[in-house]
């Protein structure tokens, strides 16, 4: 006879619903591995107010709608899964950010994502882009040539146009795969 403890499900353990987290907590989780933090925080560390975070714009409800950290001299990686759900524009170009970019983690309202001229690597899968995304710039990174160009929406085809150099480093040319 199985123990009654094995009947209990642990499916919900370890999962966090980010819509339940404060904007403040999301910012802490997003930039936890980034250095130097003094380029993001006005006083070198996050205070109780998001107004101390440089390059961040908020709406009238105190929700983060834009992050512009272009040319901030940032190193490390961002935890993209913690981007605020209210974010519409993310610009992190011309830094030394590394790691892979999980486009499935982008907020559903995002209209612009600029991450060119960094050190991001890995494969980019375009199948699950936010429906609202209008601009995606990932050039001059070290992305894999195996980028998947399938998209879930015909509206995303306008993202690429004739410019196939939106991905990879400046020396590489990535061609779309046949769907």
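Checked across the range 101-116, the condition of being buried (at least 17 other Cβ atoms within 10 Å of the Cβ) and at pLDDT below 90 holds for at least one residue. Exactly one residue out of 141, 95 is closer than 18 Å to residue 30 by Cβ, at pLDDT 90 or above, buried (at least 17 other Cβ atoms within 10 Å of the Cβ) and over 12 Å from the mean Cα position of the chain (by Cα): that is 95. Looking only at residues in the range 12-38 that are at pLDDT 90 or above and in a loop (DSSP other than H, G, I, E, B), the one that is surrounded by the most Cβ atoms within 10 Å (Cβ to Cβ) is 34.
Scan the range 92-104 for residues that are touching a helix residue (DSSP H, G or I) at 6+ places or on another chain (Cβ under 7 Å) and more than 22 Å from residue 40 (Cα to Cα) and report the count.
Adding up the residues that qualify gives 1.
Residue count for the range 70-87 satisfying the condition of being touching a strand residue (DSSP E or B) at 6+ places or on another chain (Cβ under 8 Å), within 20 Å of residue 135 (Cβ to Cβ) and either buried (at least 18 other Cβ atoms within 10 Å of the Cβ) or modelled with pLDDT under 95 (or both): 5.
Rundown of residues vs (1) buried (at least 19 other Cβ atoms within 10 Å of the Cβ); (2) in contact with a helix residue (DSSP H, G or I) (Cβ under 6 Å, 6 or more places away or on another chain); (3) more than 26 Å from residue 20 (Cα to Cα); (4) without any contact (Cβ under 8 Å) to a residue 40 or more places away in the chain, yes/no style:
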{"residue": "58", "(1), (2), (3), (4)": "no, no, no, yes"}
{"residue": "90", "(1), (2), (3), (4)": "yes, no, no, yes"}
{"residue": "120", "(1), (2), (3), (4)": "yes, no, yes, yes"}
{"residue": "129", "(1), (2), (3), (4)": "yes, yes, no, yes"}
{"residue": "137", "(1), (2), (3), (4)": "no, no, yes, no"}
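The values are calculated or read from the model by the stated rules, or taken from the named source; none is laboratory data. These numbers were taken from a predicted model, which means no experiment stands behind them. With ideal geometry, Cβ positions are generated from the backbone for all residues, glycine too; neighbour counts draw on all protein chains shown.
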